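Working notes, beginning with the structure itself.
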């Protein structure tokens, strides 16, 4: 718009979106592209990379396409903080760890623990029966470990080891967990970052368990939600300095503005209360609302 004369620039600013599309693409010496609406970030869409998933689960490293903060459809820049970075293969994590609901737990063996460039925590290759899958490795997990998975909730809490997967209702109070389901059967949805963990605080009514997140927020989840016992691996990730600007570009971070000022404490500190406990209730998609018509003219045959 700045390249146009003042009158033409003001005219186009007053046009609507539908009218802009009708404007000829060549105005004088300036060529215009068709208007494309800019996507809005923050709705669960990643603008860092696209992972090319196959139809069936596999432990083969998957190919990715780096986006650099741009929308894959329109190509418009959405996130300015993303750019460059080394292209890493993506390891497909099996988020659902469901074992038998009765009888002894399912035993799985850890084959190896590797570093995944697309996430902060380490990844463990696990064998169960004749299948292989990737899970997030816990703090002390190593090759050769045997881990257990069970969906049974006994009367007496289970004394679980690190890396075992049990429902929240089967573990004693004070247990630290990770990869917690938000709804039963959803798969590990909460606590994925390196070195993070949630703590089982107390029991709640209606067969719910209250856990405290790394952010100190509390969630009340159904006791049948699965979780993994222990703290996630690579706990030094948050305290390790990046070291150089070049290393920061290799991680896929674009340089920010040079304007930076240290906080002096002049304006004080805001102390806020923690939000109340949020209760997660399983929702049934199959149930539909029944609409009853009360007027006579609708009920006549």
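Within the group 166, 134, which residue is in contact with a strand residue (DSSP E or B) (Cβ under 6 Å, 6 or more places away or on another chain) and in a strand (DSSP E or B)?
134
Which of (1) farther than 22 Å from residue 148 by Cβ; (2) free of Cβ contacts under 8 Å to residues at least 60 places away in the same chain is the odd one out, the single condition residue 172 does not satisfy?
Going through (1) farther than 22 Å from residue 148 by Cβ; (2) free of Cβ contacts under 8 Å to residues at least 60 places away in the same chain one by one, residue 172 breaks only (1).
Just one of 85, 69 is surrounded by 13 or more Cβ atoms within 10 Å (Cβ to Cβ), modelled with pLDDT under 90 and in contact with a strand residue (DSSP E or B) (Cβ under 7 Å, 6 or more places away or on another chain); which is it? If you could, list the steps in order and put the result at the bottom.
On the way: 69 fails: modelled with pLDDT under 90.
Testing whether each residue is surrounded by 13 or more Cβ atoms within 10 Å (Cβ to Cβ), modelled with pLDDT under 90 and in contact with a strand residue (DSSP E or B) (Cβ under 7 Å, 6 or more places away or on another chain) leaves just 85.
Suppose we filter 163, 129 for residues that are in the same structural domain as residue 219 (by TED's automatic domain parsing), modelled with pLDDT under 90 and over 20 Å from the mean Cα position of the chain (by Cα); which single one remains?
Going through 163, 129 in turn, the sole match is 129.
Given the options 142, 182, 148, name the one that is touching a strand residue (DSSP E or B) at 6+ places or on another chain (Cβ under 8 Å), more than 14 Å from residue 228 (Cα to Cα) and either assigned by TED's automatic domain parsing to the domain that holds residue 220 or surrounded by 21 or more Cβ atoms within 10 Å (Cβ to Cβ) (or both).
Every option except 142 fails the conditions.
Being surrounded by fewer than 16 Cβ atoms within 10 Å (Cβ to Cβ), part of a loop (DSSP other than H, G, I, E, B) and out of contact with any helix residue (DSSP H, G or I) (no Cβ under 6 Å at 6 or more places or on another chain) narrows it down to one residue among 109, 80; which is it?
80
A quick yes/no check of all residues on (1) assigned to a loop (DSSP other than H, G, I, E, B); (2) surrounded by 13 or more Cβ atoms within 10 Å (Cβ to Cβ); (3) free of Cβ contacts under 8 Å to residues at least 60 places away in the same chain:
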| position | (1), (2), (3) |
| --- | --- |
| 104 | yes, no, yes |
| 113 | no, yes, no |
| 121 | yes, yes, no |
| 125 | no, yes, no |
| 152 | yes, yes, yes |
| 156 | yes, no, yes |
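Identify all residues within segment 41-57 that are in a loop (DSSP other than H, G, I, E, B) and without any contact (Cβ under 8 Å) to a residue 24 or more places away in the chain; write none if there are none.
Selection gives 42, 43, 44, 45, 46, 52, 54, 55, 56.
Going by the structure shown, is residue 228 in the same structural domain as residue 116 (by TED's automatic domain parsing) and within 22 Å of the chain's Cα centre (by Cα)?
Yes; evaluated as a whole, the condition is true for this residue.
For segment 197-301, please list each of the strands (runs of 3 or more DSSP E) lying entirely inside it that holds at least 2 residues being in contact with a strand residue (DSSP E or B) (Cβ under 6 Å, 6 or more places away or on another chain), surrounded by 10 or more Cβ atoms within 10 Å (Cβ to Cβ) and touching a residue at least 60 places away in the same chain (Cβ under 8 Å).
By residue number, 208-212, 218-222, 226-229.
Kindly evaluate residue 138 against the criterion of being farther than 27 Å from residue 239 by Cβ and out of contact with any helix residue (DSSP H, G or I) (no Cβ under 8 Å at 6 or more places or on another chain).
no
The values are calculated or read from the model by the stated rules, or taken from the named source; none is laboratory data. In this text the structure is predicted, and so the values were computed from the model without any measurement. Note that each Cβ is placed from the backbone with ideal geometry, even for glycine, and that neighbours are counted across all protein chains shown.
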